[in-house]
Amino acid sequence: MKRIVVYWTGTGNTEEIANKIAGDLGCDALNVNATTPDDVLENDLIIFGCPAMGAEELEDAEFKPFYDEVMASIGDKKVALFGSYGWGDGEWMRNWEAEVASNLVTSGLIVNGGASDIDDGAYQEFIDALN
Ligand SMILES: Cc1cc2nc3c(=O)[nH]c(=O)nc-3n(C[C@H](O)[C@H](O)[C@H](O)COP(=O)(O)O)c2cc1C
């Protein structure tokens, strides 16, 4: 199965998590600035990363347009979600999971901070579901 991690980051936390996931899965992690929706759609499993931004929203200038374009042609490809958050309770991820429900392979991985703040149990479950 061809897999890719594609992410947006403001301060680097989601990027750290993206690189960790990609390292463990043996696939690439690309910033949305460094790839195209068409290239991402060459994969069978697309692992999207975006932190909580706005008021419990996806980042709307770069990530959301990219993600919307991929999802417009997603068909029956598989999707997984992750991202970093700060002061909230993960609401952005619950909303995001609901949006992609029929393509989602496992619950979204949420991290309050960067790679060093990952919950090991939750992380392993996430990775196992993508293998
Ligand atoms: C403009 C802005 C809006 C944010 N909105 C939320 C939010 O609604 N809920 C939340 O939990 N954290 C929010 N945060 C905190 C970020 O999600 C958090 O700092 C995260 O670690 C950033 O990830 P990054 O380093 O990948 O950019 C916001 C941060 C910024 C800068």
With x for Gly and Pro, the residue-by-residue ³J(HN,Hα) of segment 31-44, computed from phi through the Karplus equation 6.51 cos²θ - 1.76 cosθ + 1.60 at θ = phi - 60° and given in whole Hz, is 5, 4, 6, 10, 8, 10, x, 4, 5, 4, 6, 6, 9, 8
Just to be sure I understand the curve: with the Debye formula and one point per C-alpha of the chain, what is log10 I(q)/I(0) at q = 0.20 Å⁻¹? -1.19
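Which whole number in µm²/s is D for segment 1-42 by Stokes-Einstein, with the Kirkwood Rh taken over Cα pairs at 37 °C and 0.692 mPa s?
Numbers: Rh = 10.5 Å.
It comes out at roughly 312 µm²/s.
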Which residue, 19, 112, 95, has the most motion in a Gaussian network model of the chain that connects Cα atoms within less than 10 Å? 95
Separation between the residue 101 and residue 122 pseudo-spin-labels, each 7 Å from Cα along Cα→Cβ, expressed in nm? 2.2
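Based on DSSP, what percent of beta bridges with both residues in the chain are antiparallel, to the nearest 5?
On the way: 1 of 19 bridges.
If we restrict to bridges inside the chain, about 5 percent are antiparallel.
Rule-based calculations on the coordinates, nothing more; no lab input. Since we're looking at a predicted model, the values are computed, not measured. Positions of Cβ are backbone-derived with ideal geometry, glycine not excepted, and every protein chain shown enters the neighbour counts.
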